[in-house]
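Written below as structure tokens is the structure these notes are about.
Quick note: the coordinates plus some simple rules give every number you see, no bench work behind them. All figures in this text were calculated on a predicted structure; none of them were measured in a lab. Don't worry about glycine lacking a Cβ; one is built from the backbone with ideal geometry, like all the others, and counts go over all protein chains shown.
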Amino acid sequence: MSPTIEVGAPKARARTIAALIALFIVFCGLFVTSAPALAAEGDPYRISGNVQLNGEPLEGVALLVDGPGGPQAVVTDENGQWSAQVPERGETYTVTLDENTLPEGIAVVDEADETPNVKEVEMGQGGRVTVNFFIGEGERNVTSFFDQLVQRLVQGVSFGLMLALAAVGLTLVYGTTGISNFAHGEMVTFGAIAAYLLVGPATLALPWWLGYPAAIVLSAVLGLLLDMIIWRPLRKRRVGVVQLMIVSIGLSLALRYLFQYIIGGGTKQLPGADAPKIALFGAVTMSVIDMVSIAISIAVIVIFALWLTRSRLGKATRAISDNPSLAAASGIDVDYVVRVVWIVSGALAGLAGVLFAYYRPGLKWDMGAQLLLLMFAAVVLGGLGTAYGALVGALIVGILVEASSLWIPADLKYASALFILILILLFRPQGILGRSERVG
């Protein structure tokens with residue numbers, strides 16, 4: 001006779017679920033009352049400037065403006081002028097002049113600054129900042145292609161590990177329920193917003209060692225509530241896969257605009273997001289928070305792998321992913337395991353949201369939506385329904401996204417991962433670690 005997965009006393013489980021629901025309701029009250037409402041901010045703010053050589057304008061010089069809202073590439077006009085619109089006041093922006101677009105033998109010169117082609121400015125209350133570059137003859141500070149490649153690879157691994165945390169939860173849900181959860185990006189956003197409301201100086205201002213674990217717990221509670229209120233009733237009604245996908249898209253939109261209503265359309269920063277970078281080797285620089293994020297990602301992935309392969313619940317999860325009907329016939333409580341999967345998925349998504357808010361840096365109401373296609377790319381690339389495949393796929397996507405910016409504009413780097421995904425699926429539709437299935 002096959003072993004049965006013990007579920008626990010129903011009354012104790014009911015009390016636990018009731019306590020979690022109460023905790024979640026209390027947090028939602030704080031969520032609404034402590035967060036600022038969306039305010040009309042008018043036109044975007046502007047950073048502008050001139051690039052001149054001995055008083056003469058230089059046309060066609062490329063600059064990159066980076067900060068809240070993401071990187072923007074601009075080019076000087078015939079008058080040597082450039083400008084970029086940015087979304088936030090009181091934030092720091094970095095303006096980098098691409099010396100490769102300067103005339104031969106010309107460089108940005110400043111004896112007191114080792115990187116005179118890079119300037120940091122803060123957008124004040126006036127909403128306008130001017131950044132000018134003084135150009136003269138001199139030697140350029142050039143980073144070799146190899147050093148740039150190493151730096152991008154390190155950043156790609158960091159991004160891939162963070163992406164893996166979110167993608168593993170997404171593929172677990174798909175493997176056990178068949179749901180392509182398009183609201184998973186909003187679960188990532190929820191983790192970042194919960195962390196901001198708990199530890200932000202303008203909100204509850206809890207210590208990080210208390211606020212961040214609490215945000216992850218609340219993300220797990222969100223996963224539990226979504227399963228109890230939406231997904232389990234739909235499973236009981238045997239709703240089709242297409243209908244479930246449509247429900248998840250609607251849920252994604254509803255949550256996304258609820259987040260915008262609560263925290264506004266601007267970019268928020270978690271404490272310590274402006275930590276200074278430390279030179280490690282070559283051109284690779286990372287802050288302490290970046291290194292801690294990588295360590296946390298690796299530790300959580302190892303713990304998750306051990307849980308999936310060594311624990312009874314982990315083995316039951318894999319059994320349900322392989323064959324739900326056979327797993328139920330062998331005595332596994334499928335509903336209970338699926339509920340645990342939603343809790344784990346929510347917790348991993350919440351952790352990924354906190355780490356992505358530091359990697360980006362900053363959090364926005366739609367940050368999860370920006371990651372959603374990359375998460376699906378990682379899941380499909382690695383193999384649908386396989387947790388290890390999602391990990392491998394996420395690392396590949398992360399490295400490709402960062403390394404591709406050496407050859408293509410930064411605004412298009414996410415498209416490179418989707419292009420590689422198409423190529424892989426043309427030759428191996430089941431993904432790298434997926435198994436081919438016979439249809440019909």
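With θ set to phi - 60°, apply the Karplus curve 6.51 cos²θ - 1.76 cosθ + 1.60 along segment 256-264 and write out the HN-Hα couplings as whole Hz, x wherever there is a Gly or Pro.
Along segment 256-264, the couplings run 4, 7, 5, 4, 5, 5, 7, 9, x Hz.
In whole angstrom, note down how far apart the Cα centers of segment 344-359 and segment 294-313 are.
A separation of 15 Å, based on Cα centres.
With the cut-off at 28 Å, tell me which of the pairs LYS277/LYS364; LYS119/LYS413; LYS236/LYS364 have Cα atoms farther apart than that. Please list the in-between numbers first.
Details: LYS277/LYS364 23 Å; LYS119/LYS413 24 Å; LYS236/LYS364 35 Å.
Exceeds cut-off: LYS236/LYS364.
By how many nm would the segment from TRP208 to ASP147 grow when fully extended, if each residue of separation counts as 0.36 nm and the alpha-carbon distance is taken off? The partial results should precede the final answer.
Numbers: separation 61, 0.36 × 61 = 21.96 nm, distance 3.43 nm.
Stretched out fully, the TRP208 to ASP147 stretch lengthens by 18.5 nm.
Which cross-chain or sequence-distant (5 or more) residues have an amide H under 5 Å from the amide H of PHE134, H modelled 1.01 Å from N in plane?
none
Efficiency by 1/(1 + (r/R0)^6): what FRET value for ALA328 and TYR257, r their Cβ-Cβ distance, R0 = 25 Å, to the nearest 0.05? Numbers along the way, then the final one.
On the way: r = 38 Å, r/R0 = 1.52.
So, using R0 = 25 Å, E works out to roughly 0.10.
Please give me, ordered by residue number, the trypsin sites (Lys or Arg not before Pro) of segment 203-270 that lie in loop per DSSP and have at most 11 other Cβ atoms within 10 Å.
Numbers: sites: ARG235, LYS236, ARG237, ARG238, ARG256, LYS268; in loops: ARG237, ARG238.
Qualifying residues, ordered by number: ARG237, ARG238.
What is the fewest-to-most order of ASP290, ASP335 by other Cβ atoms lying within 10 Å of their Cβ? The partial results should precede the final answer.
On the way: ASP290 21, ASP335 14.
Listing ASP290, ASP335 from fewest to most nearby Cβ atoms yields ASP335, ASP290.
Run the numbers for ALA415 and ALA283: contour at 0.36 nm per residue of separation, minus the present Cα-Cα distance, in nm.
Working: separation 132, 0.36 × 132 = 47.52 nm, distance 2.55 nm.
Taking 0.36 nm per residue and subtracting the Cα distance, the gain is 45.0 nm.
Output the peptides 323-332, 420-429, 340-349, 152-161 sorted from most to least packed, where packing is the average of other Cβ atoms within 10 Å over each peptide's residues.
Working: 323-332: 14.8, 420-429: 12.7, 340-349: 25.8, 152-161: 20.7.
Most protected by this proxy first, the peptides run 340-349, 152-161, 323-332, 420-429.
Using the Kirkwood radius over Cα pairs, work out the Stokes-Einstein diffusion coefficient for segment 284-338 at 10 °C and 1.306 mPa s, in µm²/s as a whole number. Please list the in-between numbers first.
Details: Rh = 13.2 Å.
Approximately 121 µm²/s, per Stokes-Einstein.
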